[in-house]
Amino acid sequence: MKYWFGYLTAAILGLITWALVKLAEKYTTLVDLVYPYVTRTVQGFLSAWTGGADHLVWQVAVVLLVVAVLATLVLVIVLRKSVIGWFGWVLTGAALLLFLHTGIYGLNYHAGPLADDMRLPVTEYTMEELEEATVWYRDLANELAPQMSRDAQGNVLFGSFAELSEQAGEGFKVLTYEKSISVFAGDTTSVKELGWADMYTSMGIMGITMPLTGEVAVNPQIPAIALPYTMCHELAHRMCIAKEQDANFSAFLACQMNSSKEFRYSAYFSAYRYCYDVLASMDQPEAAVAAARIAAGVGPELRQDLLNYEAFFSDRMDDGMARFATKANDFYLKVSGDEHGVDSYGSVVDLLVAWHIQEVVLPAQKEEAEILFDPYDEEQVDLSGIVGAMGD
């Protein structure tokens, strides 16, 4: 029986974790009202604890855990103990980590969508609405692209990683204290460089947030234009905005609200890419024509930045490693409660189009409707057909 005690402990922890998830699925409203605020406080505490270290605490812990597992396995073999019993305790350790992750953070996947917190109505959009939004994001990116500092080859030059990290939280503070959106009232300190960057670049991984240590990490090798957006995306995760489409939309809002033009350019660059990719992938002749027309309107600086972005990942990613990372991430997201898996990254377009309608289209329509009719204004009155009315 002693050989199976580890398996029993692991099973109990697994059962408790499963029960927590089922309760969260059933009582979503309760999760929305309480859980994010509690876990956001925990994340802030953990971030303050680990923020003093230049390195990532969780990466050191991973190395120590791997060494500990291998060392204990060697001891078990040398001392001729039960490997079966040893593996049971390894499972217990894994079950404990899963339990802690779920309790500290994982139930956020069962909270309501960010759009509800923002009172943003999200409905199925038309191709015309997507086209209008794509043009709007493109035009703003076109406007900012020539304002960016560039090297002799035309590559954008933003500030250092540390400078961008320091600036990243500004947009979230604007959203919280000026726009009164409380969901963004989380910790925005200490964005760290992701260690083992070469490995993560080969997988196409741009950033990681580790809830067990409260650490936000971004791959320092990714194109500069993606750094501000990725930093804000990972900070949104630490604010317990778990779902990927919500974190992507949060990153757009935070970058767009930032006083730094580099952050704003990163916002519109990313929004345009997401919207254009969805429009271009539509299986409709009209969508293909619209996509071609929009692409033709891309300015030279923005076009170069788009090409450089795509070239970076095509040159640096390993297909096998990238597929493995994508499948692993897809599995994690689906198990955590995000039924769309990695497809949820692109679902940010639903939010981007809805936001464009609410913040740009509807106010413009309201402004037009508020123009009062003036019967003496020749621009408002049709005088054609009236003899002498046109001064003839």
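Computed from the coordinates by the stated procedures, all read-outs in this text should not be read as laboratory data. All figures in this text were calculated on a predicted structure; none of them were measured in a lab. Don't worry about glycine lacking a Cβ; one is built from the backbone with ideal geometry, like all the others, and counts go over all protein chains shown.
The residue among MET148, MET206, ALA10 whose Cα reaches farthest toward the positive pole of the charge dipole of the chain, with charges on the beta-carbon of Lys, Arg, Asp and Glu, is ALA10.
Extension gain, VAL74 to PHE324: 0.36 nm times the residue separation minus the Cα-Cα distance gives 87.1 nm.
By the count of neighbouring beta-carbon atoms within 10 Å, fewest first, CYS275, CYS240, CYS232, CYS255 end up ordered CYS240, CYS275, CYS255, CYS232.
Protection proxy ranking, highest mean first, for peptides 7-14, 131-138, 27-34: 131-138, 7-14, 27-34, where packing is the per-residue count of other beta-carbon atoms within 10 Å, averaged.
In terms of surrounding Cβ atoms within a 10 Å radius of their Cβ, ILE205, ILE241 rank from fewest to most as ILE205, ILE241.
Given ALA115, GLY85, VAL21, which one lies farthest toward the positive end of the charge dipole of the range 9-115, if we put +1 on the Cβ of every Lys and Arg and -1 on the Cβ of every Asp and Glu? The residue sitting most towards the positive pole is GLY85.
Classify the range 132-178 from the C-alpha gyration tensor, please: rounded if a/c falls under 1.5, else prolate or oblate depending on whether a/b exceeds b/c. All intermediate terms of the calculation are to be shown ahead of the outcome.
Details: a/c = 3.54, a/b = 1.11, b/c = 3.19.
Oblate, because a/c is 1.5 or more while a/b does not exceed b/c.
Given the convex hull over the Cα atoms of the chain, what projected area results after averaging over all orientations, in nm²?
Seen from a random direction, the Cα hull of the chain projects 27.3 nm² on average.
Of LYS261/LYS366; LYS22/LYS334; LYS243/LYS334; LYS243/LYS327, which sit over 19 Å apart, Cα to Cα? Working shown, then result.
On the way: LYS261/LYS366 29 Å; LYS22/LYS334 14 Å; LYS243/LYS334 11 Å; LYS243/LYS327 17 Å.
Check vs 19 Å cut-off fails for LYS261/LYS366.
Can you show me the helix-derived [θ] at 222 nm for the chain, built from DSSP H runs with n ≥ 4 at -39,500 (n - 2.57) apiece and divided by the number of residues, rounded to the nearest 500. Don't skip to the end; give the middle numbers.
On the way: 18 runs with 242 residues, N = 392.
Helix contribution divided over all residues of the chain: -19500 deg cm²/dmol.
Here's how it looks for GLU215: its modeled amide H is under 5 Å from those of MET210, which are all 5 or more places away or on a different chain.
Order the peptides 279-288, 215-224 from the highest to the lowest mean number of other Cβ atoms within 10 Å of their residues. Walk me through the intermediate numbers first.
Numbers: 279-288: 12.8, 215-224: 22.9.
Peptide ranking by packing, descending: 215-224, 279-288.
Enter the angle in degrees (range 0 to 90, nearest 10) between the Cα long axis of helix 285-296 and the first principal axis of the Cα atoms of the chain, meaning the one along which they spread out most. The two axes meet at around 90 degrees.
When only the Cβ of Lys, Arg, Asp and Glu is charged (+1, +1, -1, -1), the dipole of the chain relative to its Cα centre reaches about 3080 debye.
With a Förster radius of 30 Å applied to the C-beta separation of LEU157 and SER314, the computed FRET efficiency comes to 0.85. Taken about its Cα centre, the range 104-152 carries a charge dipole of roughly 280 debye when the Cβ of each Lys and Arg holds +1 and the Cβ of each Asp and Glu holds -1. Distance from a point 7 Å along Cα→Cβ of LYS366 to each backbone N in the range 110-129: keep the residues under 20 Å and list them by number. Backbone N within reach: 115-123. Spatial offset of the range 265-315 relative to the range 206-244 amounts to 23 Å, using the alpha carbon center of each.
Is there a quick way to get the dipole size of the range 2-110? I mean about its Cα centre, with the Cβ of Lys and Arg at +1 and of Asp and Glu at -1; what is the value in debye to the nearest 20? Spell out each step's value before the answer.
Details: 6 positive and 3 negative charges, 85 e Å.
That gives a dipole near 400 debye.
When the Cα positions of VAL342, HIS356, MET317 are compared along the charge dipole of the range 304-367, VAL342 comes out farthest toward the positive end, with charges on each C-beta of Lys, Arg, Asp and Glu. Loop-located GluC sites (Glu not before Pro) in the range 293-344 (DSSP state other than H, G, I, E, B) with a sparse environment of at most 14 neighbouring Cβ atoms within 10 Å: GLU339.
In terms of packing, defined here as the mean over residues of other Cβ atoms within 10 angstrom, the peptides 103-109, 247-253 line up highest first as 247-253, 103-109.
Order these by the 10 Å Cβ neighbour count, fewest first: HIS233, HIS110, HIS101, HIS55.
Numbers: HIS233 29, HIS110 23, HIS101 15, HIS55 12.
Final ranking by Cβ density, sparse to dense: HIS55, HIS101, HIS110, HIS233.
In degrees between 0 and 90, to the nearest 10, how far off the longest principal axis of the chain does helix 261-281 point, with axes built from Cα atoms? That works out to roughly 90 degrees. Using only Cα atoms and rounding to the nearest 10 degrees, what angle (0 to 90) does helix 244-256 make with the longest principal axis of the chain? Once rounded, the angle reads 50 degrees.
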